[in-house]
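Worksheet: the structure to be examined is printed underneath.
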Amino acid sequence: MVQSASMSSETERESTRRLSLDFEALVAKQSITDALHRYARGVDRKDRKTLLSAYWPDAVDEHAGLFTGD
């Protein structure tokens, strides 16, 4: 019986760990989606401030030699 309780808590810890990793992945995915939406809105509205909010502060945007800007 002790072994079952031990296995159960171990299974519970593994399940909790997996849920935590899944949650972190969802948060990261949502952050990326939010950045893409800010980028698209900034381009669509020609709003530099909104567009720049989609980038890291020190980012450089390169377009295959056609454009490089920061």
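The values are calculated or read from the model by the stated rules, or taken from the named source; none is laboratory data. Predicted, not measured: the structure shown is a model, and the values here were computed from it. Every residue, glycine among them, receives a Cβ derived from its backbone with ideal geometry; neighbour counts consider all protein chains shown. Accessible surface areas use protein heavy atoms only, side chains included; no ligands, DNA or RNA. Shrake-Rupley method; radii C 1.70, N 1.55, O 1.52, S 1.80 Å.
Quick one: in segment 5-36, of everything that is open to solvent by 100 Å² or more (accessible area, probe 1.4 Å) and of a type in the set (D, E, K, R), which residue is nearest to Tyr55 (Cα to Cα)? Checked segment 5-36; the qualifying residue nearest to Tyr55 (Cα to Cα) is Lys29.
Hey, Asp61 hits all of (1) modelled with pLDDT under 95; (2) open to solvent by less than 70 Å² (accessible area, probe 1.4 Å); (3) touching a helix residue (DSSP H, G or I) at 6+ places or on another chain (Cβ under 9 Å) but one; which does it fall short on? All conditions pass for Asp61, except number (3). Going by the conditions given, is Tyr39 at pLDDT 85 or above, of a type in the set (Phe, Trp, Tyr), surrounded by 10 or more Cβ atoms within 10 Å (Cβ to Cβ) and touching a helix residue (DSSP H, G or I) at 6+ places or on another chain (Cβ under 7 Å)? Spelling it out, Tyr39 is indeed at pLDDT 85 or above, of a type in the set (Phe, Trp, Tyr), surrounded by 10 or more Cβ atoms within 10 Å (Cβ to Cβ) and touching a helix residue (DSSP H, G or I) at 6+ places or on another chain (Cβ under 7 Å).
Of all residues in segment 38-54, those satisfying the criterion of being part of a helix (DSSP H, G or I) and free of Cβ contacts under 8 Å to residues at least 12 places away in the same chain are Ala40, Arg41, Val43, Asp44, Arg45, Arg48, Lys49, Leu52.
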